[in-house]
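Report on the structure given below.
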Amino acid sequence: MSQGARPALQSRSRATRDKLVASLERCLREKTFENITVAEIAREAGLAVGTVYRRFENKDAFIPVLFEIYRSRLDELHGEAGGIEVESTNGLRDVLHQIAEKSWAFMQEQKHIIAAAHLYSRLRPDLIGDEWDDLLDAGARGYQSLVEAFSDEVKRDPVEAGQMMAYHFNTALAERGLYGAEGVASRMTISDAAFVRAVADFAYGYLVLETD
């Protein structure tokens, strides 16, 4: 259960909580979390402000909900296999391109959730606990499995490569996808499609380069 949220023991109470979570997400499509008020969440849900406070102590109690939503969307993306599904196995480079393209599409669709989850994982890690670290570790293990599946092409240690791949994809795609108008990516002139292909090619070059 999310820290700060009061127990929802009855189905009616659960339905009310679900309304509030859905309301928060709709608000996030229009504003950043810090600019959303509890009154706005209540109004969007069609509920009284007092109803919100019966389930959430304060606005900060919604922060774990950001991660909750993000985690559920990631689970949908990864499916039962636990990784991004690719349509073919025409070599490692092709697979990396597909992963980069699907990750980019996911980021564009879920930008409102991902941006908030990323920010508050740093600002309020006390409200999220170890789950964020667990998610990062799971990502590295997923890339490690990919590296091991293409051991005939990869020239890197699988554990190290898994960690570097997770860092590379997450950092590069987030920098442009979430903060492109403000960060380093704002100076880039290539298209989004070319950028995503380049991210995959950078990863491929790292993996297949002979090490000393």
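To the nearest 20 debye, what is the magnitude of the charge dipole of the chain about its Cα centre, counting +1 on the Cβ of each Lys and Arg and -1 on the Cβ of each Asp and Glu? Display every interim value, and only then the final one.
Working: 25 positive and 34 negative charges, 271 e Å.
It comes to approximately 1300 debye.
In Å², what does the accessible area per residue of the chain work out to with a 1.4 Å probe? The partial results should precede the final answer.
On the way: 12000 Å² over 212 residues.
Averaged over the residues of the chain, the accessible area is 57 Å².
What is the ratio of the Cα radius of gyration of the chain to 2.2 N^0.38 Å, with N the residue count, to two decimals?
Relative to the 2.2 N^0.38 Å estimate, the chain comes out at 1.16.
Taking Cα atoms, how many degrees apart are the long axis of helix 111-123 and the longest axis of the chain, rounded to 10 and kept between 0 and 90?
Helix 111-123 sits roughly 80 degrees off the main axis of the chain.
How far apart, in nm, are two points set 7 Å out from the Cα along the Cα-to-Cβ line at residue 34 and at residue 148?
It is 4.2 nm.
Can you show me the helix-derived [θ] at 222 nm for the chain, built from DSSP H runs with n ≥ 4 at -39,500 (n - 2.57) apiece and divided by the number of residues, rounded to the nearest 500.
About -21500 deg cm²/dmol.
Compute, for residue 164, the solvent-accessible surface of its heavy atoms (probe 1.4 Å) with the complete set of protein chains present, and express it in square angstrom to the nearest 10.
Estimated to the nearest 10 Å², residue 164 gives 90 Å².
Mind telling me which of 191, 145, 72 comes out most flexible in a GNM of the chain, alpha-carbon contacts under 10 Å?
Taking springs between Cα atoms under 10 Å, the residue moving most is 191.
Could you work out what % of the accessible surface of the chain is carbon and sulfur, using a 1.4 angstrom probe and leaving DNA, RNA and ligands out of the count?
50 percent
So what is the relative contact order of the chain, in percent, for Cα pairs below 8 Å that sit 6 or more residues apart?
It comes to 20 percent, rounded to a whole number.
Output the relative contact order of segment 91-205, whole-number percent, from Cα pairs under 8 angstrom with separation of 6+ residues.
It comes to 40 percent, rounded to a whole number.
Can you tell me the length gained on complete extension of the stretch residue 59 to residue 111, counting 0.36 nm per residue apart and subtracting the Cα distance?
16.7 nm
For residue 111, which lysines qualify as cross-link partners when the Cα separation must be under 26 Å and same-chain residues fewer than eight apart are set aside?
Partners found: 19, 31, 59, 102.
How much of the pair distance distribution for segment 36-158 lies past 19 Å, counting alpha-carbon pairs only, in percent?
In whole percent, the share of Cα-Cα pairs in segment 36-158 beyond 19 Å is 59.
The values are calculated or read from the model by the stated rules, or taken from the named source; none is laboratory data. Being a predicted model, the structure only gives us computed values, none of them experimental. A quick note on method: Cβ atoms are made from the backbone with ideal geometry, for glycine too, and the neighbour counts reach across all protein chains shown. These accessible areas exclude ligands, DNA and RNA; they are computed on the full protein's heavy atoms, side chains included. Shrake-Rupley method; radii C 1.70, N 1.55, O 1.52, S 1.80 Å.
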